[in-house]
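The values are calculated or read from the model by the stated rules, or taken from the named source; none is laboratory data. Remember, it's a predicted structure, so these values are computed and weren't measured experimentally. Positions of Cβ are generated from backbone atoms using ideal geometry, with glycine treated the same way; all protein chains shown enter the neighbour counts. Protein only, heavy atoms only, side chains kept; ligands, DNA and RNA dropped before computing areas. Shrake-Rupley method; radii C 1.70, N 1.55, O 1.52, S 1.80 Å.
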Amino acid sequence: MSYAHHSGLADQWDSQAPLSWDIPCPHTGQRFLDSLPRLSQVMANNRSYSDFDIFKATLNAPDFLTTLEARHYLTIAFSHYSIAQIQQFEQNLDWNWYRWIKAHSGNIAGALSLNYDLLLETVLRKVRKESYSFQVNHHGYGIPLVKPHGSVDFEIVPNSISYSPTYPLTNYVDLNDTGIIKLEQHELLSARRQALCIVPNEANKYINYQWVRPANQALNTALKSCTHCIFIGISYWDCDQPEIDNIIGALPRSAQIVVANPNPPQEMLNKIGNRPLLIWNSYSGPVDEKNKLLMLKTSNGESLAQCMCRSGLSYTHCHGVGL
């Protein structure tokens, strides 16, 4: 949301209302929702609902096909959104989160995203920080980038389930624990054999899949030696809490936790408890009132001096604030 507002992308692409986007069907070029009759029916039956509540309603449908159509819609819709992000990213390198990640790139040990789009991947690629998500066709080095709810550039391994996908769906393929491959940008708008996309408000059905479990294990290993962990814009929905709680639990007690959110969830703050905690609630991102980056490490990548008050925070972000 921060990037969309900074770049102007939000004017055309409201990520809180993806069902309003003008998404064409990969096969016909016509309105994609016209090829997804079950999802369209849920929309018609719940006209007063928000988009997220409509997706939640698909989870209560009498069969799994409605949720399956929702997965395909979200995958293709956010593929269009990701391409729009990539195409105009070079014109928005003054975005504060990009500046911040670039400044800290040498210290980043791992990342997890619950989003479907490729913004984080685009940022990491631009700052030349290698990452991988346990796809079978990836190089396998760099930091673990965990996307446990799926991603628009994930597809099941071609020889695992072989058929030609079309819309409207005639083959109902879902929740198969296969390996995954990474799609290239020119492949993102193609029909998927299995859309890998956990629907909003859905508990993660992929949690023990062969491309999620080892990714989480690799991240947990990295977390054990982390000095800081930054949660950016996390809503802490009920369905996501077990995964977020796992990250908090894997951190050393001395690790400084940053919650970057204009409206930090109180339940999440309660879960963090008395651990060293910073809250960045500026809509402008990780900057102070003078638009100066809030650094967690020195320019050489070294830790900042601890505050003598024993808060567990660095002096810069504790009693040294404003000095």
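Observations on the structure shown:
- Percentage of interatomic Cα-Cα distances in the chain larger than 24 Å: 57 percent
- Projected label points at residue 22 and residue 270, each 7 Å from Cα along the beta carbon direction, are separated by 4.6 nanometres.
- Using alpha-carbon coordinates, inclination of helix 241-250 to the longest axis of the chain, degrees: 40 degrees
- Using a probe of 1.4 Å, the accessible surface attributed to residue 205 totals some 100 Å² when neighbouring protein chains are kept in position.
- Karplus 3J(HN,Hα) series, Hz, for region 93-109 with 6.51 cos²θ - 1.76 cosθ + 1.60 (x for Gly, Pro): 6, 8, 4, 5, 5, 5, 4, 5, 5, 4, 5, 9, 4, x, 9, 6, 9
- The separation of region 46-79 from region 298-323, counted between C-alpha centres, amounts to 46 Å.
- Helix 65-88 axis versus longest C-alpha principal axis of the chain: approximately 60°, rounded to the nearest ten.
- Carbon + sulfur, % of accessible area of the chain - ligands and nucleic acids excluded, 1.4 Å: 48 percent
- Ranking 176, 322, 65 by how far each Cα lies toward the positive end of the dipole of the chain (charges on Cβ) leaves 322 at the top.
- DSSP-assigned coil residues among trypsin sites (Lys or Arg not before Pro) in region 9-51, each with at most 10 further Cβ atoms within 10 Å: 47
- Per residue, in Å², the accessible surface of the chain once ligands and nucleic acids are set aside, probe 1.4 Å: 49 Å²
- For region 145-206, the set of GluC sites (Glu not before Pro) satisfying both a DSSP loop assignment and a count of at most 11 other C-beta atoms within 10 Å is given as 184.
- Simple Cβ-charge dipole of the chain, Lys/Arg +1 and Asp/Glu -1, about Cα centre, in debye nearest 20: 940 debye
- Too-long pairs where the Cα-Cα distance tops 22 Å, listed order kept, from 147/292; 102/292; 147/205; 271/297; 126/147; 102/297: 147/292; 271/297
- Sorted largest first, the spans of the alpha carbon positions of region 224-323 along the three principal axes are 40, 29, 24 Å.
- Listed residues 221, 93, 113: farthest to the positive end of the dipole of region 70-227 (Cβ charges): 221
- ³J(HN,Hα) computed for each position of region 17-25 - Karplus, 6.51 cos²θ - 1.76 cosθ + 1.60, integer Hz, glycine/proline x: 9, x, 6, 8, 6, 8, 9, x, 5
- When both region 10-25 and region 182-202 are represented by their alpha-carbon centers, they are found 16 Å apart.
- Sequence of 297, 224 when ordered by accessible area, the most exposed leading, probe 1.4 angstrom: 224, 297
- Per-residue extension of 0.36 nm, minus the Cα-Cα distance of residue 207 and residue 94, leaves a gain of 37.1 nm for this segment.
- Estimated distance in nm for a label pair at residue 48 and residue 161, the labels positioned 7 Å out from Cα along Cα-to-Cβ: 3.7 nm
- Cβ-defined net charge surrounding residue 167, 13 Å radius [Lys, Arg +1; Asp, Glu -1]: +3
- Highest mobility in the GNM of the chain, judged by mean-square fluctuation with C-alpha springs under 10 Å and restricted to 33, 304, 124, is found for 304.
- 5 angstrom amide H check on residue 230, placed H, neighbours 5+ away: 258
- Region 30-115, dipole about Cα centre (Lys/Arg Cβ +1, Asp/Glu Cβ -1), debye to the nearest 20: 80 debye
- Ordered from highest to lowest accessible area with the whole protein assembly present and a 1.4 Å probe, 108, 180 read as 108, 180.
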